[in-house]
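No lab work stands behind these numbers, since they all come straight from the coordinates. Quick caveat, the model's predicted, so the values are computed rather than measured. Backbone-built Cβ (ideal geometry, glycine too); neighbour counts: all protein chains shown.
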Amino acid sequence: MEANFSGQYFYGTGRRKTAVARVRLYKGKGDQVIINDQKGSKYFNPAKLLDTIFAPLDMVGMKKDFDISVKVAGGGMSSQADAVRHGIARALVAFDANLKTTIKKGGYLTRDPRVKERKKFGLKRARRAPQFSKR
């Protein structure tokens, strides 16, 4: 997918679990969303994930003002969508600092700190112990 983005952009990095998204917002008509060189609707197949990434733009009413270019790596689809949403929120704050309070109220600027818990020795998983047999 060839995108014709040019000119000034606003940058934001979003993270969730092991997913990292590098987001660029370009002034435009809002019809181009390119994620890892694919159309956004093709990359995030369930439409619910597309609604997730557009949440900060919908909140401030600027969905039709920006074209979006994203490079995202790591994690699963849902985690990547949350990372892209975090990156878009940060890029919007870089565009206009007055939007920060509105976006923060929605919870889009807060990085979700939950990560997978490490496996402990003597256990099968993080907390799952081997089955106990009395006899």
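Condition first: more than 15 Å from residue 13 (Cβ to Cβ) and part of a helix (DSSP H, G or I). Can you find one or more residues in region 114-128 that meet it?
Among the residues of region 114-128, not one is more than 15 Å from residue 13 (Cβ to Cβ) and part of a helix (DSSP H, G or I), which makes the answer no.
If I go through region 79-119 residue by residue, how many of them are over 23 Å from residue 49 (Cβ atoms) and either acidic (Asp, Glu) or under 10 Å from the mean Cα position of the chain (by Cα) (or both)?
2
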